[in-house]
Amino acid sequence: MATATAMPRLACPEEAHATLHVVQRARERRACFSCTGDRAAYLEALRECTARECAVHAYALMGNHVHLLITALRAGGAARLMPALAAGYARYLAAAYGHEDRVWEEAYDASPVHARRHLLACMRYIEENPVRAGLAAHPGGYRWSSYRANALGEHDALITPHPHYCSLGRSPEERRAAYAALFARTGVRITPASRRPSGSLSPRARSRS
């Protein structure tokens, strides 16, 4: 079974309050979720771990990888979060299925996100991932992402709005409307933040889509 020390830290130190686009990939592109219960268990493990380490602004659970947009509450937050998350999900799989093989790649990919435009584009990229993968016709049709919270106002205890998201409007309604409008724009190509140079120790952890 995977342990909390199995996942290498990032090569460069993580500053407190740094925002990162993190991609966690299953080994050999295998499925990391087999049912609704698996996805719910992963999100519960994420909630437990982030309460101590990071704020989550956006996420999408895909078939063989996970996208997270997080801000560390203290230095090295992601380096503690990701192995703890992997270990928490591993415990669930062991209890539910007797599964003890390691699920995730040895290293995760993380890219810094600074500018407002970059952060909003990254959120959109993450929440449009299920559409690009053919899992839904519209981001709002996919249950396992943060789109419904950020654009539609559904309650999601996991999500903490980023200050750049909050700058979209003076009220929650204005912010949601402005954010949803970003998805309606055409002709704007979004470059995945995770395709930028990574601090990961392993080249396998670089985002491939």
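The values are calculated or read from the model by the stated rules, or taken from the named source; none is laboratory data. It should be emphasised that the depicted structure is a prediction, and the values quoted were computed from it without experimental measurement. Cβ atoms come from the backbone with ideal geometry, glycine included; neighbour counts cover every protein chain shown.
The table below gives the values:
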{"read-out": "From the options 90, 151, 133, residue that is crowded, with 18+ Cβ neighbours inside 10 Å, in contact with a Ser or Thr (Cβ under 9 Å, 6 or more places away or on another chain) and aliphatic (A, V, I, L, M)", "value": "90"}
{"read-out": "Flag if residue 147 is within 20 Å of residue 60 (Cα to Cα) and touching a Phe, Trp or Tyr at 6+ places or on another chain (Cβ under 7 Å)", "value": "no"}
{"read-out": "Output for region 103-118, where each listed residue is within 17 Å of the chain's Cα centre (by Cα) and either buried (at least 18 other Cβ atoms within 10 Å of the Cβ) or assigned to a helix (DSSP H, G or I) (or both)", "value": "103, 104, 105, 107, 108, 109, 110, 111, 113, 118"}
{"read-out": "Unique match (being basic (Lys, Arg) and at pLDDT 85 or above) among 9, 30", "value": "30"}
{"read-out": "Test: residue 100 is surrounded by fewer than 20 Cβ atoms within 10 Å (Cβ to Cβ) and within 20 Å of residue 67 (Cα to Cα)", "value": "no"}
{"read-out": "Selection count, region 19-59, where residues are within 21 Å of residue 97 (Cβ to Cβ), out of contact with any Gly (no Cβ under 8 Å at 6 or more places or on another chain) and outside any helix (DSSP H, G or I)", "value": "6"}
{"read-out": "Some residue of region 61-73 being without any contact (Cβ under 8 Å) to a residue 60 or more places away in the chain, touching a helix residue (DSSP H, G or I) at 6+ places or on another chain (Cβ under 7 Å) and assigned to a helix (DSSP H, G or I)", "value": "no"}
{"read-out": "Residue check for residue 128: of a type in the set (Asp, Glu) and surrounded by fewer than 19 Cβ atoms within 10 Å (Cβ to Cβ)", "value": "no"}
